[in-house]
Each structure stands twice: as structure tokens, then as C-alpha cells.
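The structure under discussion appears below in the form of C-alpha cells.
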Amino acid sequence: MKSIHTKSYSIHFNSNCYTELNSYLDAHHFSKIFILVDTNTHNYCLSGFMSNLNTATPIEVIEIESGEENKTIDTCVGVWNALSELGADRKSLMINLGGGVVTDLGGFVACTFKRGIKYINVPTSLLAMVDASVGGKTGVDLGALKNQIGVINSGDMVLIDTAFLDTLPQNHLKSGFAEMLKHGLIYNLKYWNKLIDLSKLTMNDLDELIYESVIIKKDIVTKDPLETNERKHLNFGHTLGHAIESYFLSEDNKEELLHGEAIAIGMILECYLSAELLKFPKEDLEHINLVIKKMFRTVDIKPSDYDPIIELLKYDKKNEHGNINFVLLEAIGKPKIDCIVDNELIFKAFEYYKNNLELENN
């Protein structure tokens, strides 16, 4: 797979990652290299990554706790303090080795430490490879509210080594796959059709699909880096998906959902809204519902959950002038931004999801 280059950063794949990284390190003469990991990537990914480094620059490892609940300003403060105590300066480099929490938080830490040091993302989860590490969105959550604090800065490089996927449990692979499905729905039917029959996919096929997904996201964010228009398409499934994810994260009696699990629900709900408001074909709605339900575990969202989930929509970053803005579909590959949806229709979308769940389980 060929490297992908943009005006501000480059994306390299598999064996080419380390050739490019070592050349980059030789050229920049950093004072120190800091590798940010979480508890999982420290155990499963760090030694393999470091064995591919060829540099005399001093290296320090900073570890944070894994999990979305640790994607907070408090964690950032801990990392900023560690950088200071370990002698980081403006000629230091941060390498973020991990999933979306590490790349989002590490990028934000790097962008704000001493008003900005260089950083590189090395995503180790499928979700981070196809989504979080590409496009420059960095930041942290505010309590249970997703990605409320952050900046847009892409760093210098993204290194995608799909060998790291061997360390992931199946549910985390599926979580990342939800973002790939989203790319198909907002970009083109051909890519969607490549994705939907998992039983026929080999590891080589997955590598190619990841590559194609990265190109889709890169193309969108290159055209609209600050999310004023086309980049909003990437939020399909996320308006309700993020609210569901935040709600299940904040409620003690609810099982925490992985990001992709919540987005999968959000895509079904928002396809329903699309059918009601934009004449999205009903047969495509049923097809998408069936595909997603086969891939992801079903979640019991009770009527008593609807109001608190809808209340969380007001914190969505896409909102403007007090309006809750949805990205909906006129057809597969044809999204429409800034759609206004009333609460009664959102209730009906939840009922659609629930009724289809009941039919599926009978």
C-alpha cells in the first residue's frame, strides 16, 4: 500500500511505517522522544514498536489508564506534569501509541504543551486507524460529554501497522468496523457493498478496506479541515450515537458501550430519520438495519431512556444557534447536513429500533 500525503502530514502503512519513521527521526534531531501508551498498549504493543526504532535520541514512556472514562483533562494534567518532570522541551517529540483515547488525548497534550510540540500518531485499534488518528481532531471529554475540549491539528505523521490488530478482542475490531460502515454509507455504495459480507473477508482484504477507508476520510477532511461543510458528513450516526454513548457511560445501571456499538445504533436511528424526512429508500433502511444487527449486539434502550438521551443532544458540537443539527442520508453516498429533527420523530426512531429488535429475537 502506498503512503498517503497531504499538505500538512503523511500516512504510512505496515512495513513502510518504520522506514519512514526512522528517516523522520534522523532528519529532525529531537531532544527527547516521549511515547504515550495506555495500560493495554504498554503490555501488548510497546515492545514490538520500540524494536523497530533506530535512533540514539533518548526515549521516555508515559503510561495512562485505558478506557474512555480516562479521556479527561485530569489525565492531561498528569501527562503534562510527566513531560515537565522528564525534561520535555519544544524540540521534543510525542508518539501516541494506542487507540482513539490515546491518539485524541495525546494529540491534544502535544498541541498545548509549551504551545505545541511535534507529534505522531501510531493507532493500534481499528477505530483509531480509520477514524481517530486521521484528520487532526484532538481533545478530551467533559465528564460524560464526548470530545467537548480540543483543537484541530494533524501532527506530522500517522503510522498504520495492521499487525497491531492481532492484539484486539473481537468486540473492539467490530467497534472500528462501524466507522468503516459509516464511510460506505456517506461516500459510496460500492465501498459499502465491499464491507457487508464479513464471512468472505481475508486479512489482505481487511488491509485494503482499511486503506480505502483512510483515503475516504483523508479526502473529506482535506477538502474541509475545519468542518464548515463536507467534513460534517463524517458525523452521520454520531448525533444520536454520541448521546447514547454518553448516557450509557454516565448511568451506573447501564453497561458501558464501545464507541462503535453506539454509532451502529445511531446509524440505524438516523437512517430511519432519513427515510421519514428525506425519502431515503425504505428498502435501504431495512437492508442497513439487518446488516448492522447481524454485526453488532443489540442493546435494550427503554422508553424511560429516550428523554435523557435527547437531553444530551444539546451538547453536540454540530449545533448552531440553538438548533440540533443532524447529518442524514438522501441515498447511500448522498448525505445532507444541518437537518432539523423534532423530538417526536426521534422517539419513533427509537421505537423502530426497539420493534425490530423484538422481531429479531422472536
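The values are calculated or read from the model by the stated rules, or taken from the named source; none is laboratory data. Every value quoted in this text rests on a predicted model; they were computed, and no experiment measured them. When we count neighbours, we look across all protein chains shown, and the Cβ atoms used for this are built from the backbone with ideal geometry, even at glycine. Keep in mind that these areas ignore ligands, DNA and RNA; they rest on the heavy atoms of the full protein, side chains included. Shrake-Rupley method; radii C 1.70, N 1.55, O 1.52, S 1.80 Å.
Per residue, the chain reaches -15000 deg cm²/dmol at 222 nm when only DSSP H runs of four or more residues are counted, each adding -39500 (n - 2.57). Test of understanding: in a Gaussian network model of the chain with alpha carbons linked when under 10 Å, which of GLU255, GLU212, GLU245 would top the mean-square fluctuation ranking? Fluctuation is largest for GLU255. The relative contact order of the chain comes to 14 percent, based on Cα pairs under 8 Å that sit 6 or more residues apart. Can you tell me the 0 to 90 degree angle between the C-alpha axis of helix 100-112 and the longest principal axis of the chain, rounded to 10? Value to nearest ten degrees: 50.
Under 10 Å, Cα contacts only: if you run a Gaussian network model on the chain, which one of TYR119, TYR272, TYR44 comes out with the highest mean-square fluctuation? So, out of TYR119, TYR272, TYR44, the one fluctuating most is TYR44.
With 25 Å as the limit on Cα-Cα distance, the pairs of LYS2/LYS71; LYS194/LYS282; LYS7/LYS200; LYS282/LYS354 that go past it are LYS2/LYS71; LYS7/LYS200. Taking the C-alpha atoms only, the angle from helix 303-312 to the longest principal axis of the chain is near 50 degrees. Protein heavy-atom surface of segment 210-336, 1.4 angstrom probe: 48% of the accessible area is carbon and sulfur, with nucleic acids and ligands not counted.
For the chain, the residue among TYR353, PHE13, LEU189 whose Cα projects farthest onto the positive side of the dipole built from Cβ charges is PHE13. Computed from the Cα positions only, the extents of segment 21-124 along the three principal axes stand at 37, 30, 19 Å, in decreasing order. Kirkwood radius, the chain, all distinct C-alpha pairs, inverse of mean reciprocal distance: 20.9 Å.
Helix 259-278 axis versus longest C-alpha principal axis of the chain: approximately 40°, rounded to the nearest ten. Of all the options ALA27, ALA82, ALA128, the one that moves most in a Gaussian network model of the chain with Cα springs shorter than 10 angstrom is ALA27.
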